[in-house]
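Following: one structure in structure tokens, then a few remarks.
Nothing in this text is a laboratory measurement; each read-out follows from the coordinates by a stated rule. None of the values given here were measured: they were computed from a predicted structure. Cβ: placed from backbone, ideal geometry, glycine included. Neighbour counts: every protein chain shown.
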Amino acid sequence: MFSESSEVSSKRFVGIVGALLLFVTMFVNSFTHQDVAPSGSLVDAVLILSLGALGLTSADKFAKNKEK
């Protein structure tokens, strides 16, 4: 799932699910009042978690190529 081989990549899964949840949250909040919106720090935390998980996956991919 979300990997080059048959193994499951948990970092990619967390990154993609986090990004999808962030997109859905932003879309839903565009139709609601400002007082129902999630806090900015919560949105930033999900963003950092998603980018970090996807970034680590990319870094691991390039690090494996240098080791060979």
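Could you order peptides 20-28, 46-54 by the average number of other Cβ atoms within 10 Å of their residues, highest first?
Working: 20-28: 11.8, 46-54: 15.4.
Taking the mean over residues of other Cβ atoms within 10 Å, the ranking is 46-54, 20-28.
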#### Entry: Additional length obtainable on full extension of the chain from GLU7 to LEU51, 0.36 nm per residue less Cα span
13.7 nm
